[in-house]
1. Looking at the range A:1-48, which of its residues are surrounded by 15 or more Cβ atoms within 10 Å (Cβ to Cβ) and of a type in the set (D, E, K, R)?
2. Between residues in the range A:62-79 that are within 14 Å of chain B (Cβ to nearest Cβ) and residues that are among the hydroxyl-bearing types (S, T, Y) and assigned to a strand (DSSP E or B), which pairs lie under 7 Å by C-beta distance while being six or more apart or on different chains?
3. Would you list the helices (runs of 4 or more DSSP H) that sit entirely within the range A:197-262 and hold 1 or more residues that are in contact with a strand residue (DSSP E or B) (Cβ under 9 Å, 6 or more places away or on another chain)?
4. For residues that are more than 17 Å from the chain's Cα centre (by Cα) and among the aliphatic types (A, V, I, L, M), scanning just the range A:217-233, find the one that is farthest from A:L316 (Cα to Cα).
5. Quick check: is even one residue across the range A:472-481 touching an Asp or Glu at 6+ places or on another chain (Cβ under 6 Å), within 26 Å of A:L315 (Cβ to Cβ) and assigned to a helix (DSSP H, G or I)?
6. Taking the condition surrounded by 11 or more Cβ atoms within 10 Å (Cβ to Cβ) and either more than 9 Å from every other protein chain (Cβ to nearest Cβ) or of a type outside the set (V, I, T) (or both), does B:L150 pass?
7. With A:S69, A:S78, A:S63 as the choices, which residue is crowded, with 23+ Cβ neighbours inside 10 Å, hydroxyl-bearing (S, T, Y) and more than 30 Å from A:F355 (Cβ to Cβ)?
8. On the given criteria, is A:L167 modelled with pLDDT under 95 and farther than 22 Å from B:L167 by Cα?
Amino acid sequence: MISPWNSADLTFLKPELWLLCSACVILLLDLVSKDQRKAVTHWLSLLSLGIAAILVLAGGVKSPQIVFSGMYVVDQLSGLLKFGSACLVGLVLIYGRQYFIDRSMLTGEVYVLSLFGLLGMFVMTSAFSFLTLYMGLELLSLSLYAMVALRKDDSLAIEASMKYFILGALASGMLLYGMSMLYGATGSLHLSEVSARIAQGQTSRDFLVLGLIFIVAGIAFKLGTVPFHMWVPDVYQGAPTPITMLIGSAPKLAAVAFVIRLLVQGLPAAFVDWQSMLIVLSVASIVVGNVAAIAQQNIKRMLAYSTISHMGFMLLGLIAGDAGGVAASIFYALVYSFTTISGFGILLSLTRTGFESDNLANFKGLVKRSPWLALMMLMVMFSMAGIPAFVGFFAKLSVISAIVSHGFVWLAVLAVAFSLIGAFYYLRVVKVMFFDDSDLDVVDSPFSLKCFVSVNALLLLVAGLIPQPFLSICADAVNLSLLG
Amino acid sequence: MNWTLLIFYLVSAVLLVSSILVVTVRNSVYAALALMLSFFSASIVWIMIEAEFLAISLVLVYVGAVMVLFLFVVMMLDINFERIRQGFWKYSPAALGVGVLMVLELSAVLLSRKADFDKLVGPKPIQAGSSNIEQLGLQVYSNYILPLELAAVVLLVAIVAAISLTLRKKKLSKYVDPAKQIAIRREDRVRLVKGRSS
């Protein structure tokens, strides 16, 4: 039975409340500040992100706490993913600052919408009823739609924003349609009650599966997996690079939590049904993502197709469905987002005013122009390709071993084969950087940006050399959250 | 077949037809009127499932306020909707094909064997004497307080996004800043030149 709401529940909501209050204060302060470089807004946003991350860590709980009359859950899993997404959004703001200043796009809205988007991610990771899941998703999506269109005179960005908005609205509609069917079948919006009622066998199974189809389609749209992936390359290419970096990193953590809450925790009784749907999505994404990325000359489009294939890999862990598989998926999502963000950070260090550097040819001879950045990019690409000694290898290894232990050997063979094909286009970037000549200028990027990018990329190597602590953090979080 | 069922099918048919008209009629004023009709039919369906307060607020808010506002916008702005919707008829055969295929597939799945839909139960009838509005108010401000507050945040984000997307800091009006006007000195405006009389 779900306990009714009481005011003590608010103590579990400290990070969210802090984020909401600080976003409102920054919104007002930004209105009165005359500073063109938005230094106050920048530092205050970073400070509030840092405090939010600390509050998440301080509010860690051993066993899952279901609060707000079953609407919200605080557990180790949500703590881990919230901490990760707060760090990622902070990195986006640090990496993107120079880009925005150079193009005079630096408005207070960038910061305020990022903070509200992060609030949406927090809600998504902790939501435990259809209502809160949907509200969190919309909060995140609305912030992202607006941020893609920030450059109002760029027709490519406006087009990307329109595509993102219309397809996102369609996906939300599908998701709501599926949720309404599940509500009709079970008579509850709360995931704990939904799973309990399905387990009792009092519901119409056919109706349940019909709703499940729409829910999985909606999720696939939001994750950007094949065959619902059409928006991903256009949005990645059209959006300003820091916003692409934001879309490609932290929301993926929220999305994996969304899938885990909805499918693994909410509909475990329909496991056989959604497992087969996820297998189709995952195989199609791995195949299409890796093959289509080979043909791309624009590096943002290439990374978009690589995202599609990574999302396919991430779903592999959920196909296994047990605690080990879920932990592997979360580890994969974390590794993917931190790798992507350092890749985009390097891309941003190569841009200057009036020069986007999003073509593969712009990487020509980078080793002569900036050997250090070329080395960092090499590590990012190796990690994405899953070459041993880098953390991307262990991410791929953990999801593949999770499905092999459930007897999906053909799936594992296919995943390995296509990650070999994928290695081609990652290594092509390395080849262009190290063996091609170019007449482009020497790279001149701010020292602070270079520092953060280097630490970010070196972490991929460190985590690859000693992956065990990171893997066990994910495994512990999942064990304490799903079983406890 | 009892009366309630008959009314339900009638109202649902009106709802479906008017919703299709919203996207197919050429005149955008007619489209807005058809949307009003579909909102109104939806509110009748809501009344039939005993959600009276929501039905009334749908009529008041959407039919009464939002759609009237929309009609004003349609009439005041000189937007050539026909040009915007140029692609509509071009792509409609493909869209129609996909839609019909989906309907056929869904009905094939649902009708092919005996689906266990009889297990579905409807909502419990509300007891006489309990007020719909009172129950709604109690639930929304206690157990559903979190989604309610989140909806408020979503609206705030929508405001921020809408303003940031439409506000262009271009100065179009010939407006004079009074503070600058008062602070003006004679030396800024008048230059005395020594003329030579010849």
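1. Residues satisfying the conditions are A:D9, A:K14, A:E16, A:D30, A:K38.
2. Final answer for the pair search is A:G70/A:S129; A:M71/A:S129.
3. A:231-238, A:250-259
4. This residue is A:M230.
5. Of all residues in the range A:472-481, those touching an Asp or Glu at 6+ places or on another chain (Cβ under 6 Å) come to A:481.
Cutting the leftovers down to within 26 Å of A:L315 (Cβ to Cβ) gives us A:481.
Add one more test, that the residue is assigned to a helix (DSSP H, G or I), and what stays is A:481.
Checked against the condition, which is being touching an Asp or Glu at 6+ places or on another chain (Cβ under 6 Å), within 26 Å of A:L315 (Cβ to Cβ) and assigned to a helix (DSSP H, G or I), the range A:472-481 yields at least one hit.
6. Working: surrounded by 11 or more Cβ atoms within 10 Å (Cβ to Cβ): yes; either more than 9 Å from every other protein chain (Cβ to nearest Cβ) or of a type outside the set (V, I, T) (or both): yes.
When the stated conditions are applied, B:L150 passes them.
7. A:S78
8. Considered against the rule, which asks whether it is modelled with pLDDT under 95 and farther than 22 Å from B:L167 by Cα, A:L167 comes out as yes.
The values are calculated or read from the model by the stated rules, or taken from the named source; none is laboratory data. The structure displayed is predicted, hence computed values, not measured ones. Ideal geometry is used to build each Cβ from the backbone, glycine not excepted, and the neighbour counts take in all protein chains shown.
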